[in-house]
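Below is one structure, written out as structure tokens; comments come after it.
Derivation of every value follows stated rules applied to the coordinates shown; laboratory data play no part. Everything numeric here is computed off the predicted structure, so don't read it as measured data. Positions of Cβ are backbone-derived with ideal geometry, glycine not excepted, and every protein chain shown enters the neighbour counts.
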Amino acid sequence: MSVTAHRTGRAERGVPVQRTAAADPVRVPARRVSGGGRVGPPNRRAAVGVPRVVARGECGPRQRVSVLTLVAVGAAMCLAVVGVGTLASAGAEPVPARTEVVRVQPGESLAELAARVAPGSDPGAVVERIRELNGDLVGGVRPGQPLHVPSGR
């Protein structure tokens, strides 16, 4: 017997089809109606005799904040961010203006080279200066390659 024959109730080759409630996809078991006339899942029952607790809409009195207070807090936050940024960059020396030619050591990257030739400066700024002096260096650096670098010595 095919699935189509089972669902439609039509028999194939003269064989009668027996339909059961469990195999009928159209029939869905009814949900029980719990207390209060609500329809809920079969495993959920309404609690009888238990008071229903609902929170109030307001948590307490609201205080209004003036526009002047908001502007003052915003300005203070802005100054704090700028101050932290200034302190973070205060410890690094500028990239040296003098240059020299050095050779790349085996296994050395541009960041390691920058730390070696200008130890007190920001390595990222020194790497950018090395790229400016030697072209873009897209393929990377090779051991023994001569490079023009800023020198802090």
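Structural remarks
- The calculated FRET efficiency for the pair Leu70 and Asp122, based on their C-beta separation and a Förster distance of 25 Å, comes to about 0.10.
- Around the Cα centre of region 99-150, unit charges on the Cβ atoms of Lys, Arg, Asp and Glu (plus for the first two, minus for the last two) sum to a dipole of about 160 debye.
- 5 angstrom amide H check on Ser151, placed H, neighbours 5+ away: Arg98, Thr99, Glu100
- Subtracting the Cα-Cα distance of Gln105 and Cys78 from their residue separation scaled by 0.36 nm leaves 5.3 nm.
- FRET efficiency for the Arg142 to Glu93 pair, using the beta carbon distance and R₀ = 25 Å, is estimated at 0.30.
- Gyration tensor verdict on region 99-150 (Cα atoms; rounded if a/c is under 1.5, prolate if a/b is larger than b/c, oblate otherwise): rounded
- Summarising the amide proton neighbourhood of Asp122: residues at separation of 5 or more, or on other chains, whose placed amide H is nearer than 5 Å comprise Glu93.
- Relative contact order (percent, whole number), region 99-150, Cα cutoff 8 Å, 6+ residue spacing: 60 percent
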